[in-house]
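Chemist: Pasting a structure here, questions to come.
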Amino acid sequence: MDRARGAPREQPYLLEGRLTRADISVASLLGPLVMPAEHPFPFSKHTLLAALEPFVARYRGRPLWRYVERLYREDRLQ
């Protein structure tokens, strides 16, 4: 997440200025970690194991985290 943190800030998507497979792949892989409200499968706070919370807290709110939230909020097909 640290290596990719600058890419979403500079442009809305990772490549080509539009939604691509790269964006979908990142959102798919990080969706269970970010747990966006718009995810097709509902998450509860109990889903996250207590042992993972320190790891998640380290990345919550960073640019790539917000990027994944935005992809689910704005670009997810209904």
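The values are calculated or read from the model by the stated rules, or taken from the named source; none is laboratory data. Model, not experiment: these values are computed from the prediction. We place every Cβ from the backbone using ideal geometry, glycine too, and count neighbours over all the protein chains shown.
Chemist: Filter the range 9-29 down to the residues that are within 12 Å of R70 (Cβ to Cβ) and either in contact with a Leu (Cβ under 8 Å, 6 or more places away or on another chain) or modelled with pLDDT of 90 or more (or both) and list them by number.
Modeler: Selection gives Y13, L19, D23, V26, A27.
Chemist: Examine the range 38-55 for a residue that is in a loop (DSSP other than H, G, I, E, B) and modelled with pLDDT of 85 or more, and state whether such a residue exists.
Modeler: To start, the set of residues in the range 38-55 that are in a loop (DSSP other than H, G, I, E, B) comprises 38-49.
Now restrict to residues that are modelled with pLDDT of 85 or more: 38.
Yes.
Chemist: For the range 56-78, name all the residues that are loosely packed, with under 14 Cβ neighbours inside 10 Å and at pLDDT below 85.
Modeler: Within the range 56-78, L77, Q78 meet the criteria.
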